[in-house]
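Let me give you the structure first, and then I'll get to my questions.
The values are calculated or read from the model by the stated rules, or taken from the named source; none is laboratory data. Note that the coordinates shown come from a computational prediction; the quantities given were computed from them, not determined experimentally. Cβ: placed from backbone, ideal geometry, glycine included. Neighbour counts: every protein chain shown. The area values use the complete protein model at the heavy-atom level, side chains included, leaving out ligands, DNA and RNA. Shrake-Rupley method; radii C 1.70, N 1.55, O 1.52, S 1.80 Å.
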Amino acid sequence: HQFPAVLSYFVSREASCAFVSKITMKIILQHAIVSLIAIPGIASASAKISDIANSKNLRKVNRNHEYNSDDKSSSTITDSKYIRRAFSTDPLLQYVYDNTCEQVPPDGLCTGSKPLQQCEGDCDGNGNCAQGLYCFQRDEGVTSVPGCSGTPPDPMSGYDNDKDYCTIPPLPPSGHLAYVYDDGGNRPFSHYDKSPPLGECEGDCDDDNDCAGDLKCFQRSGTETVPGCASGDSIYGQDKSGRDYCYRDTPATSPPTQSPTSTCAPTPAITPPPTGPATYIPGQNTLFEADLNLSTGLRAEVIAWSGQKVLLSSGQLSAESFHGKPDGAAVFADECGGGWTYVSNSEEGGSSSYTGGVGALYFNAQNEVVDYKMIQKSTRRNCSGGKTWWNTWVTCEETDSGGVYEVHPKNNNPNIKRKTLLGQNGRNGGHYEGVAYDNRFPDDANFRPKLFLTEDRSNGPLERFQPSVQALADAKASGDYSNLLHIDPDNTAQTDYLVITPNTNINTQGTFIWSSSLSAGRDNANSYFQQCEGIDVRNGMLYMTCKADKLLFILNLDALTYTQSSTKSGAFNDQPDQIAAITGVNGDIMYFCEDGISGGESGDSGSGVHARDATGQGYTILQDEGSGLTGETTGLAFSPDRKLMIVAYQQGRIYKIWREDGRPFGGQTLDIRYHSAPDNIFAFAE
């Protein structure tokens with residue numbers, strides 16, 4: 001008869017000052033219920049307290065509202081994930097069988113036909129587990145399994161004790177698809193217990209009425225990308241083919257999360273310029289270092305390896321391991337000067353495997369690596385992208401239903417994805433590659449900036465996107481461009497596609513228009529420029545490379561004319577006027593990544609960093625010796641002071657290259673790289 005008073009005391013203490021932890025409350029309630037049930041004559045009181053305890057199991061985490069089932073509009077969703085039933089007793093671990101039939105306990109089975117239930121083992125993968133469970137892979141020495149009680153049993157004396165067990169999968173983080181219940185109201189995943197309506201990224205919905213607030217139901221026939229939601233299917237197993245999920249039709253207007261405000265590092269003392277002789281001779285490949293054949297006067301060092309933590313200038317290792325398959329990249333100078341950031345895409349993942357993203361290497365004013373972290377996660381096959389003029393990175397997914405996302409180089413919330421309006425307009429995603437912009441006249445009220453997007457498909461059109469007039473005016477007035485690629489408040493954002501018309505007599509040149517018809521853009525691409533990837537814009541000229549026929553297109557954006565040329569012997573072969581238009585005629589050279597190039601003392605060469613000067617002369621700046629490095633070169637960029645060249649090999653290495661005479665690199669870079677065909681990785685120049 002004292003339990004009600006005891007419960008009242010502890011509940012009031014917990015509610016007022018968090019005196020009792022949630023775990024302690026769980027124990028108190030469970031013991032109270034057991035004790036009350038044991039007292040004759042108060043079974044009804046026991047049932048009531050049990051009901052109270054169970055109602056607490058349904059307590060929602062990180063919600064700021066109470067849902068009224070009769071008033072759908074009353075819901076305001078901030079995070080619709082729910083805790084697993086905290087008051088249920090976690091099952092004990094049980095070793096049932098070993099699929100290899102080599103280790104079978106006395107009462108176990110030597111078969112994989114029976115799906116393992118929660119906390120049963122040994123599983124080799126999710127397919128061994130009952131519906132709604134996943135296989136928790138356990139290293140030797142790990143003595144706990146989430147959602148299970150007890151210590152993993154040693155299957156048999158003398159054998160290893162690192163068996164794996166089926167258990168409830170982890171809750172998807174905010175922004176990931178959550179399969180809450182099916183059409184019949186069944187809940188495939190036992191850690192969900194809720195009623196309609198569904199929150200953002202939750203399913204399965206049949207129509208908009210199943211979704212809370214102003215959310216809508218995204219209808220799918222397969223595993224199409226749900227706008228604003230990450231799949232994470234390989235981890236959470238809740239992206240169910242043909243199931244529909246609630247999403248927010250209006251893009252979020254919150255700016256990308258940036259790093260906390262911090263004071264700028266002291267400006268380093270200005271070092272006097274080098275006085276010795278210049279020793280850098282482009283194209284004269286005489287030095288072998290770090291598996292690279294280098295031009296005379298260059299040095300090389302690997303500063304990051306995929307799958308390994310990055311060694312920092314402090315002597316410590318980064319908290320995160322460097323990402324796999326590094327690809328498109330760019331350099332961003334710190335707002336206060338001095339330090340800078342090298343942003344690099346990860347082409348890991350696949351159509352339903354969200355293991356790609358964007359990583360960032362942070363450098364101080366002395367060009368030393370001081371940190372590394374992922375700034376975008378839960379995306380897939382992030383191939384290339386491009387910078388914006390307000391210094392953010394636009395990263396492209398090259399996969400079915402891929403998207404185009406914007407991320408700040410110092411973003412602290414990598415799981416938040418900000419999908420842009422690029423690549424939308426009825427396309428439902430695509431195999432997107434590169435982004436470039438034309439903003440030559442920012443102070444001209446009559447000039448509207450434009451962004452261009454390539455797609456690596458045989459009928460992948462070149463898209464031109466013009467932001468909303470109102471959004472652009474607001475961005476200019478406030479200086480905040482964070483929503484420019486995400487909103488269209490006045491319905492004036494415009495998307496159109498390249499349609500070229502070759503000249504009758506000279507089919508390597510012609511004219512072009514921009515058409516609002518997606519089908520016209522696709523048909524034209526299929527006829528004239530298939531599988532385009534690399535793209536850059538300089539001084540009103542658009543440069544685009546297309547790998548199917550190894551072509552370089554140069555578009556005059558003002559005159560609406562174009563020329564095309566072969567890249568089989570390297571870009572800009574026999575086109576010195578084009579090089580001069582970019583570099584000037586002062587002896588500078590233009591750097592780019594490419595499979596091969598003709599010219600220079602090194603002769604015909606392979607995958608690496610190449611260059612041409614204003615006379616058309618070609619140079620191999622560096623390449624892998626004997627094709628020893630698998631993968632392609634990509635992600636070419638220079639530090640703000642031009643004293644470091646950064647380049648990636650997709651095998652999983654990031655190199656820094658510098659001149660041993662201490663001088664900066666001159667010249668320009670052009671992002672016109674295209675990927676090799678799978679069966680011809682190195683594609684040496686003809």
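By how many nm would the segment from Thr279 to Gln308 lengthen if fully extended, with 0.36 nm per residue of separation less the alpha-carbon distance? It would help to have the intermediate numbers written out before the result.
Numbers: separation 29, 0.36 × 29 = 10.44 nm, distance 3.39 nm.
Gain in length upon complete extension: 7.0 nm.
Counting only heavy atoms of the protein chains, get the accessible area per residue of the range 324-409 (1.4 Å probe) and round it to a whole Å² value.
24
Give the calculated FRET efficiency between Asn505 and Asn209 to the nearest 0.05, with a Förster radius of 51 Å applied to their Cβ-Cβ distance.
Efficiency computed from Cβ-Cβ geometry: 0.25.
Return the carbon/sulfur percentage of the accessible area of the range 363-449, one whole number, probe 1.4 Å, all protein chains in place.
Carbon and sulfur: 43 percent of the exposed surface of the range 363-449.
A follow-up question, please. In square angstrom, what is the accessible area per residue of the range 419-574 with a 1.4 angstrom probe?
Working: 6280 Å² over 156 residues.
For the range 419-574, the per-residue accessible area is 40 Å².
May I ask for the net charge around Ile487, where only other residues with Cβ less than 14 Å from the Cβ of Ile487 are counted and Lys, Arg are +1 while Asp, Glu are -1?
After counting each charged neighbour, the total is -3.
Something else about it: Leaving ligands, DNA and RNA out of it, report the carbon-plus-sulfur percent of the accessible area of the range 461-569 at a 1.4 Å probe.
In the range 461-569, the share of accessible area belonging to carbon and sulfur is 44 percent.
Shifting gears a bit: Can you sort His431, His486 by 1.4 Å-probe accessible area, starting with the largest?
Sorted descending by solvent-accessible area, the residues read His431, His486.
Just reorder Lys240, Lys547 by solvent-accessible area, largest first, 1.4 Å probe, all chains present.
These residues rank, largest area first, as Lys240, Lys547.
Could you compute the net charge surrounding Pro409? Neighbours are other residues with a C-beta less than 14 Å from the C-beta of Pro409; K and R count +1, D and E count -1.
Summing Lys and Arg as +1 and Asp and Glu as -1 gives 0.
Please report the carbon-and-sulfur percent of the accessible area for the range 299-361; probe 1.4 Å, protein heavy atoms only, DNA, RNA and ligands left out.
Answer for the range 299-361: carbon and sulfur cover 45 percent of the accessible area.
From the phi of every residue in the range 640-650, what ³J(HN,Hα) in whole Hz does the Karplus formula 6.51 cos²θ - 1.76 cosθ + 1.60 yield, where θ is phi - 60° and glycine or proline is x?
x, 8, 6, 8, 10, 9, 10, 8, 10, 9, 5
Which peptide among 345-356, 316-327, 548-559 comes first, and what is the full order, when sorted by highest mean count of other Cβ atoms within 10 Å? Each step should come with its number before you reach the end.
Values: 345-356: 21.5, 316-327: 19.3, 548-559: 17.2.
Ranking the peptides 345-356, 316-327, 548-559 by packing returns 345-356, 316-327, 548-559.
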